[in-house]
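The values are calculated or read from the model by the stated rules, or taken from the named source; none is laboratory data. Because the structure is predicted, anything quoted here is derived from the model rather than measured. Note that we place each Cβ from the backbone using ideal geometry, even for glycine, and neighbour counts take in every protein chain shown. Please note that ligands, DNA and RNA were not included when accessible areas were found on the heavy atoms of the full protein model with its side chains. Shrake-Rupley method; radii C 1.70, N 1.55, O 1.52, S 1.80 Å.
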Amino acid sequence: MQSNFPLSLSALLAGALLAPSAFAQKSVDPAAEAFFAGPAWAALLATTDGGWHVDWNAATGTPRALYGRGLPLADWRENSLAEARRHASALLAERADMLGLGASDFREAIGARMGRTWSFVFDQYFRGLPCIGGRADVRVSMAGRIAMLGSTAWRLAADFDVTPTQTPEAARLIALQALLETPGLPTDAKRSVEPPRLVIWGDVHAATRQTPVLAYEVPVDGIGAGGKGPKGRYYIDARTGAALHFVSDKHECGAHCDHASALAVRPTAGDPP
């Protein structure tokens with residue numbers, strides 16, 4: 001591995017900045033070690049002038065963001081959103097192995113100008129099911145270069161089973177029971193919920209590698225007349241019926257709000273540091 005390509009491994013090493021050689025000595029994440037020893041990373045270095053930084057996602061085992069001096073686009077025809085989209089989509093197909101995109105589909109959720117770049121977010125789907133937190137990101141500079149690319153993508157095999165053994169109604173009842181057990185739930189809290197939807201879920205914020213599961217996303221509303229109580233979504237394992245995780249949809253921040261925590265439902269790749 002090259003020793004002159006620094007890595008930002010904030011998810012694994014509390015923001016420590018290491019060279020790949022030091023990273024290999026640490027042996028923090030086998031997926032990351034395999035990434036830097038693999039042919040896809042070598043191919044990227046061979047087609048660019050180096051200077052890449054990598055922000056690693058430990059939960060998915062994918063490079064959340066690669067950025068630096070960028071990747072030139074040989075067939076850049078004009079500075080437009082449509083032209084940038086063409087290159088962003090082609091890049092995802094070309095670098096799918098490096099980004100760990102696997103057998104999933106990635107659908108454009110955001111395509112817009114951001115400063116001097118065209119910014120794209122592609123949400124992850126597998127056999128039509130949304131993969132919670134799964135995404136790929138591409139930024140194309142207006143000068144015709146790939147300014148950043150990366151993925152927080154669940155590595156799903158083509159034979160990942162999407163057949164639930166629990167019913168949506170069973171998942172709804174499990175979520176409502178969990179809601180009723182919430183400490184301090186108002187006595188006049190709402191009980192009605194929207195229909196569950198089948199998804200693939202995993203904790204993209206975890207500090208260690210996660211295994212995504214088939215789950216029901218069940219909206220719940222425990223807010224009483226005074227505005228107090230929880231509101232959000234329970235994720236219920238679609239095979240075992242286990243309550244996996246609760247995500248709050250309430251914004252309860254005060255003057256010293258931690259917005260990153262309050263809005264953690266949809267992680268963002270953010271600007272490179």
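If you take the Cα atoms of the stretch 120-210, find Rg, then find the Kirkwood Rh from the mean of 1/r over all pairs, what is Rg/Rh?
Values: Rg = 18.6 Å, Rh = 16.6 Å.
Rg/Rh: 1.12.
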Å² per residue, accessible surface of the stretch 189-230 at 1.4 Å:
48
Can you pull out the trypsin sites (Lys or Arg not before Pro) in the stretch 91-139 that DSSP calls coil and that have at most 11 other Cβ atoms within 10 Å?
116
Range of Cα positions in the stretch 45-130 per principal axis (Å), largest first:
35, 28, 22
Can you spot the aspartates and glutamates whose alpha carbon is less than 16 Å from residue 250's alpha carbon? Ignore those fewer than 8 places along the same chain.
221, 258
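Please report, as a whole percent, how much of the solvent-accessible surface of the stretch 115-236 comes from carbon and sulfur atoms (probe radius 1.4 Å).
With neighbouring chains kept in place, the figure for the stretch 115-236 is 55 percent.
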Non-local amide H neighbours of residue 148 (under 5 Å, H modeled in plane, Pro and chain starts lacking H): which ones?
139
